[in-house]
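Before any comments, here is the structure.
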Amino acid sequence: MDDRLFRTAMGRFATGVTVITTKINGIVHGMTANAFVSVSLNPKLILVSIGEQAQMNQLLKESGQFAVSILNENQEDMSAYFAGQIKEERTIEFDNFNGIEVIKDSIASMTCTVQNSVVAGDHTLFIAEVTDLRIQDGEPLLFYGGNYRNIK
């Protein structure tokens, strides 16, 4: 099978949209990711999959901690910005949550400490323990078939 067919098939799986953030030397770095999954309830573990060539890959290895912001249905611009689809420089107003910046008004935010990382193909799987989380009301931003979607 070719790469395009594989990508198309994977695009048939609707996902939520997250922004992963970490801080190195006082500078906040962020990246949009939809490869995010709950792994374990005890301990509370999640997994994010980051491409080997992505800058965030090395940053997570260096910092050992990060935050995940699960975006709401009105935050398509945040997703596009952190995915590099919006090229203009913006000043992002973050919320600080346990010392790590998160996206304001996201429907869930969690701080995480990396427990393990595994190279899998052209990505690294970061398994992290959730150290704290908060939630608020709202509907999620979804990604399906290469496009943003809403539940409604």
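Can you give me the relative contact order of the range 3-145 as a percent, contacts being Cα pairs under 8 Å and 6 or more apart?
With pairs under 8 Å counted, the relative contact order is 31 percent.
With runs of 4+ DSSP H residues as the only contributors, calculate the mean residue ellipticity of the chain at 222 nm using -39,500 (n - 2.57) per run, divided by the residue total and rounded to the nearest 500.
On the way: 3 runs with 24 residues, N = 152.
Counting only the DSSP helices, I get -4000 deg cm²/dmol.
Please state the shape class of the range 25-152: rounded when a/c is under 1.5, otherwise prolate if a/b exceeds b/c and oblate if not, all from the C-alpha gyration tensor.
rounded
If I model a spin label as a point 7 Å beyond the Cα along the Cα-Cβ vector, how far apart are those points for Asp105 and Ile151 in nm?
1.8
Give, in nm to one decimal, the length gained when the segment between Ile24 and Met10 is fully stretched (0.36 nm per residue of separation minus the Cα-Cα distance).
That works out to 1.8 nm of additional length.
Under a crude label model (7 Å from the Cα following the beta-carbon direction), how far is Lys44 from Asn74 in nanometres?
Calculated label separation equals 2.6 nm.
Highest first, please rank the peptides 62-73, 88-99, 37-48 by the mean number of other Cβ atoms sitting within 10 Å of their residues. The partial results should precede the final answer.
Values: 62-73: 21.1, 88-99: 10.8, 37-48: 13.6.
The most tightly packed comes first, giving 62-73, 37-48, 88-99.
Every number in this text was worked out from the coordinates using simple rules, so none of it is lab data. Here the structure is a predicted model, which means the values were calculated and not measured. When we count neighbours, we look across all protein chains shown, and the Cβ atoms used for this are built from the backbone with ideal geometry, even at glycine.
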